[in-house]
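Notes to accompany the following structure.
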Amino acid sequence: MTITQPDLSVFETVESEVRSYCRGWPTVFDRARGSRMYDEDGHTYLDFFSGAGALNYGHNNPVLKRALLDYLERDGVTHGLDMSTTAKRAFLESFQNHVLRPRDLPYKVMFPGPTGTNAVEAALKLARKVKGRESIVSFTNAFHGMSLGSLAVTGNAFKRAGAGIPLVHGTPMPFDNYLEGRVPDFLWFERLLEDQGSGLNRPAAVIVETVQGEGGINVARPEWLRGLADLCARRDMLLIVDDIQMGCGRTGGFFSFEEAGIVPDIVTLSKSISGYGLPMSLTLFKPELDVWAPGEHNGTFRGNNPAFVTAAAALDTYWADGGMEHQTRAHGELVRSHLSAIAAEHPRLGATFRGRGLVWGLEFADKGLAEKIAARCFELGLLIETSGPESEVVKLLPALTATPDDLDEGLRILARAVRDCA
Ligand code: PLP
């Protein structure tokens with residue numbers, strides 16, 4: 001008897017073993033629009049993943065696409081390093097008018113290489129240069145990127161092991177609620193700072209996510225963030241907020257730290273800043289920290305001008321008034337009520353949920369359940385991923401432009417998947 005092996009695809013024969021999302025979602029995608037993705041066999045998927053937060057305004061948003069097509073059609077500059085271009089000027093003006101000025105934020109804008117980890121590397125370098133110290137404090141379950149500096153302040157043991165060398169000059173402290181309220185906020189951190197025998201080198205900065213996206217949708221309380229900002233100010237440490245995943249409106253306000261009323265010294269943005277899924281990132285800092293020498297930090301792809309065009313269009317379209325923020329909060333309440341119903345339907349699963357704006361996590365007593373549910377959602381036509389150190393949290397990240405009908409539909413699929421896996 002001859003056994004014929006199924007044909008291996010070019011993805012399996014040529015692409016590296018490092019590939020990952022394509023394993024959980026084993027199909028070949030072809031087109032995408034708004035909150036839907038379509039595979040080459042004609043199946044439709046509702047997207048509650050949004051490019052890991054890079055597609056807050058949906059796929060191929062028609063307003064942004066028009067601006068991009070017009071720019072390309074007239075041979076606008078595509079690659080510009082850090083040359084001044086009309087596209088960069090238009091972006092900086094929109095960013096100043098719609099984001100910085102209305103919030104009274106004084107930040108200077110730096111364009112590092114176009115990925116999130118580039119923005120984090122620039123932030124860490126700048127903090128170390130300003131303070132003349134090496135040590136950076138990060139938090140348990142933090143995620144800041146895959147390059148070595150960012151990995152050194154990232155919690156996940158699997159990702160850290162990939163570095164292959166010691167990751168140094170980063171010290172983890174407990175994130176909000178890590179010790180389940182048994183210890184007063186920052187007791188340990190403050191004690192280490194004041195004790196000359198603690199072994200903690202004086203930190204240049206503290207880097208934090210207000211909501212840990214990859215770490216399991218852990219939401220810091222506003223009062224915890226204010227306590228952290230106060231500690232940083234008192235102890236002469238810079239406060240870096242990594243808003244790469246939670247910025248650009250994901251939690252409601254344009255910046256996720258607005259709700260806490262704090263003004264970080266340095267902020268990183270990427271993912272949805274271009275609005276269209278095009279690579280772009282920013283490191284923002286208070287003007288007095290702008291001690292860079294010209295060219296001291298650079299990168300060939302800093303000047304991704306098509307990304308500047310879609311970024312400006314996104315800011316002009318969605319951030320000229322408070323409409324997007326208001327809508328995100330309202331849609332977030334809709335998600336909350338569905339998750340509450342799912343948890344109530346299955347008391348023996350010990351489900352808990354948490355989130356802000358349009359980022360939510362659903363966790364079960366059985367840590368293996370989230371992955372099964374995400375796999376079942378895929379079969380039912382919903383793209384949803386898991387997060388947390390053991391992939392124990394179902395992570396909901398719909399587009400901010402998803403309609404209430406899209407949200408209802410996705411949450412109903414999720415409820416069915418939970419039922420099927422319970
Ligand atoms: N920082 C945060 C908070 C992130 O969520 C991510 C990516 O998920 C990064 C940094 C790294 O961004 P990138 O993958 O674009 O390097």
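Considering only residues that are small (Gly, Ala, Ser) and closer than 23 Å to Ala119 by Cβ, look in region 299-333 and name the one that is surrounded by the fewest Cβ atoms within 10 Å (Cβ to Cβ). I'd like the intermediate steps shown before the answer.
Keep residues of region 299-333 that are small (Gly, Ala, Ser), which gives 299, 303, 307, 311-314, 320, 322-323, 330, 332.
If we keep only those that are closer than 23 Å to Ala119 by Cβ as well, we get 299, 303, 307, 311-314.
Values: Gly299: 17, Gly303: 22, Ala307: 25, Ala311: 30, Ala312: 24, Ala313: 26, Ala314: 27.
My answer is Gly299.
Listed here are the residues, each with its yes/no results for (1) out of contact with any Phe, Trp or Tyr (no Cβ under 8 Å at 6 or more places or on another chain); (2) of a type in the set (A, V, I, L, M).
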| residue | (1), (2) |
| --- | --- |
| Ala204 | yes, yes |
| Asp230 | yes, no |
| Arg234 | yes, no |
| Leu239 | yes, yes |
| Gly277 | yes, no |
| Phe285 | no, no |
Select from region 333-356 the residues that are part of a helix (DSSP H, G or I) and polar (S, T, N, Q) and write down the one among them that is farthest from Gly216 (Cα to Cα). Ser337
Restricting region 213-231 to residues that are open to solvent by 20 Å² or more (accessible area, probe 1.4 Å) and within 16 Å of the ligand (Cβ to nearest atom), which is nearest to the chain's Cα centre (by Cα)? Glu214
Is it the case, given these coordinates, that Arg336 is among the basic types (Lys, Arg) and not assigned by TED's automatic domain parsing to the domain that holds Gly253? yes
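Does Leu269 fit the bill of being within 13 Å of the ligand (Cβ to nearest atom) and of a type in the set (A, V, I, L, M, F, W, C)? Step through it out loud before you land on a result.
Working: within 13 Å of the ligand (Cβ to nearest atom): yes; of a type in the set (A, V, I, L, M, F, W, C): yes.
Criteria met by Leu269.
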Residues that are within 16 Å of the ligand (Cβ to nearest atom) and assigned to a loop (DSSP other than H, G, I, E, B): does region 19-28 have at least one? yes
Find all pairs meeting these conditions: Cβ atoms under 9 angstrom apart; at least six residues apart or on different chains; first residue within region 8-22 and within 22 Å of Ala375 (Cα to Cα); second residue of a type in the set (Val, Ile, Thr) and open to solvent by less than 90 Å² (accessible area, probe 1.4 Å). Ser9/Val28; Phe11/Val28; Cys22/Val28
Could you list, ordered by first residue, the pairs with Cβ atoms under 6 Å in which the first is in region 194-222 and more than 25 Å from Ala119 (Cβ to Cβ) and the second is surrounded by 12 or more Cβ atoms within 10 Å (Cβ to Cβ), at least 6 apart or interchain? Ser198/Leu192; Leu200/Leu192; Arg221/Asp176
Determine, yes or no, whether Ala375 is under 30 Å from Gly42 (Cβ atoms), more than 16 Å from the ligand (Cβ to nearest atom), within 21 Å of the chain's Cα centre (by Cα) and not assigned by TED's automatic domain parsing to the domain that holds Ala87. no
In region 238-287, anything surrounded by fewer than 24 Cβ atoms within 10 Å (Cβ to Cβ), more than 14 Å from the chain's Cα centre (by Cα) and either outside the structural domain of Glu134 (by TED's automatic domain parsing) or part of a loop (DSSP other than H, G, I, E, B) (or both) is listed as Gly253, Gly261, Ile262, Val263, Leu278, Lys286
For Leu124, are the conditions met, namely being in a helix (DSSP H, G or I), at pLDDT 95 or above, open to solvent by less than 50 Å² (accessible area, probe 1.4 Å) and among the aliphatic types (A, V, I, L, M)? yes
Selection from region 202-212 of residues that are more than 16 Å from the ligand (Cβ to nearest atom) and either closer than 22 Å to Glu325 by Cβ or crowded, with 22+ Cβ neighbours inside 10 Å (or both): Pro203, Ala204
Please enumerate the residues belonging to region 102-120 that are crowded, with 18+ Cβ neighbours inside 10 Å and without any contact (Cβ under 8 Å) to a residue 60 or more places away in the chain. Thr117
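I need the full set of residues from region 381-400 which are in contact (Cβ under 8 Å) with a residue 40 or more places away in the chain and within 22 Å of Asp39 (Cβ to Cβ), in order please. Even if it seems obvious, please write down each step before you answer.
Here is the first cut: in region 381-400, the residues in contact (Cβ under 8 Å) with a residue 40 or more places away in the chain are 381-385, 387-389, 392-393, 395-400.
Gly381, Leu382, Leu383, Ile384, Glu385, Lys395, Leu396, Leu397, Pro398, Ala399, listed by residue number.
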Subset of region 177-201 (residues that are loosely packed, with under 14 Cβ neighbours inside 10 Å and in contact with an Asp or Glu (Cβ under 8 Å, 6 or more places away or on another chain)): Asn201
Scope region 232-254; condition more than 13 Å from the ligand (Cβ to nearest atom) and of a type outside the set (Gly, Ala, Ser); matching residues: Cys232, Arg234, Arg235, Asp236, Met237, Leu238, Leu239, Phe254
Positions within region 35-76 being within 16 Å of the ligand (Cβ to nearest atom) and in a helix (DSSP H, G or I), in sequence order: Ser50, Gly51, Ala52, Gly53
Of the residues that make up region 19-35, is at least one among the basic types (Lys, Arg), within 23 Å of Leu407 (Cβ to Cβ) and outside the structural domain of Glu296 (by TED's automatic domain parsing)? yes
Return the residues of region 141-173 that are of a type in the set (A, V, I, L, M) and either within 12 Å of the ligand (Cβ to nearest atom) or modelled with pLDDT under 95 (or both); say none if nothing qualifies. Ala142, Met146, Leu151, Val153, Val168
Could you check region 81-111 and list, in sequence order, the residues that are outside any helix (DSSP H, G or I) and at pLDDT 95 or above? Leu81, Asp82, Met83, Ser84, Thr85, Asp104, Leu105, Tyr107, Lys108, Val109, Met110, Phe111
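The values are calculated or read from the model by the stated rules, or taken from the named source; none is laboratory data. Values in this document were obtained by computation on a predicted structure and should not be read as measured data. As a convention, Cβ positions derive from the backbone with ideal geometry for all residues, glycine included, and neighbour counts pool all protein chains shown. Accessible surface areas use protein heavy atoms only, side chains included; no ligands, DNA or RNA. Shrake-Rupley method; radii C 1.70, N 1.55, O 1.52, S 1.80 Å.
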